[in-house]
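Report on one structure; see the data block that follows.
Here, each number is a calculation from the coordinates, and none is a lab measurement. Only a predicted model underlies this, so the values are computations on that prediction, with no experimental measurement involved. Cβ coordinates were reconstructed from backbone atoms using ideal geometry, including for glycine residues, and neighbour counts include every protein chain displayed.
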Amino acid sequence: MSDELSRCSRCGEELAEGATTCLACGSPVPRRARSPSTAEPSPAANAAKGAAAVAPVGETVASGPEGDLVRRIARLQQWTETAQPLGIHLPSLPNWAEEMARSGEDPELWGEVVRGVERLSQKKVQAALEQWEEATKNRLARLEAYSVDGRLERDQIEDILHSARSGDLSLSLSTFQQVERVVTLKERHLDQAREELERLVSLLRDMQALGLPNPQDPAEISEDLERELRSGRLASLKQQLRALRSQAVGRLKVGLPTYVSQYGEFLVRERNDGVPVELEAAELARSAREFVRGRPEEALRRLRVLAQVHGGSTSRAGRARNAPPGGGGGATAVSRTT
């Protein structure tokens, strides 16, 4: 073959003997540039190759170099999908190269190309898993601080890295996904318990600040619940939290309407004295609506902020007898700067 015909007419890259497409740019190779030893396949052979190219892995192409190559290309695609949770994108064959590889022409050449992609994928997955290992062990340490067992996951992490380093990415990535799901689920249960605990303690503290009947001291209940949380008994803790919240809401159903009514009467007296209280009255109404809608935490938060803002000045402390109920800002909390 002449030098002119052994190079691509488009990019000048050297062509492999018998190549039908330039590996560099994908341009078709003119018929005259092909090796004389490469006979034109018959229509029947072309049909068989077309069927092999599109056949599902493990069906039409079941054995031989071509079948092995097709299965490896499919495995590369699987690696790309299962590695996505790691936040990486694995190298892959361009579409035209994949079609050429699936066509069954020059399987040794394309086998080497696929092996190169496999090696690059292995290195990239291994590096990403090593970073994931460090982050996940920190996550497990946090869970273990709350008595959540993480021994099995730690062992599996070692297996994941071993499989990746030995080249078994399919096993490594499938085990990675399993461990990630389990650790995330444990974190979710812990975070939900923490959030419910803090919400309950905040509710009790707001009740105390507003002088409303309180089932238990917020500081004591916070310590008790924190000990329960750190012991890892999340199921019993959630039952406790539900019971305490139900008890607190029951007290609020009795005490809050009276508080809102008396605060409203106080605002009427303020308005009769010439003090603009439209914003405070609107916020008081919003707080009442939040409680009726089943959001007591939001209702008390608004009431506490209202009491703090409304009671920010002490310039009219002489009107302490008109203060709203429950220490809504204290004896001097109702005054505003004139």
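Between the range 208-234 and the range 258-292, what is the separation of their alpha carbon centroids in Å? Using only Cα atoms, the two centres lie 30 Å from each other. Over all pairs of distinct alpha carbons, what does the Kirkwood formula give as the hydrodynamic radius of the range 191-327, in Å? About 16.2 Å, per the Kirkwood formula over Cα pairs. Annotation for residue 108 and residue 275: the two label points, set 7 Å from Cα along the Cα-Cβ direction, are 9.6 nm apart.
Can you give the FRET efficiency for residue 187 and residue 265, using 1/(1 + (r/R0)^6), R0 = 35 Å, r = Cβ-Cβ distance, to the nearest 0.05? Working from the Cβ atoms, E equals 0.10.
Computed from the C-beta positions of residue 293 and residue 247, the FRET efficiency with R₀ = 25 Å rounds to 0.80. Label positions at residue 71 and residue 165, each projected 7 Å from the Cα along the C-beta direction, are separated by 2.8 nm.
Residue exposure proxy: 113, 260, ordered by other Cβ atoms within 10 angstrom of their Cβ from fewest to most, comes out as 113, 260.
Treat the count of other C-beta atoms within 10 Å as a stand-in for reagent exposure and order 166, 174 from fewest to most.
Lowest count first: 166, 174.
Taking the fewest neighbouring Cβ atoms within 10 Å as the starting point, the ordered list for 108, 283 is 108, 283.
Inter-label distance, residue 286 to residue 220: 3.5 nm, where each label sits 7 Å from its Cα along the C-beta direction. For a straight C-alpha distance cut-off of 18 angstrom, the lysines reachable from residue 238 (same-chain residues fewer than eight places away being disregarded) are 186.
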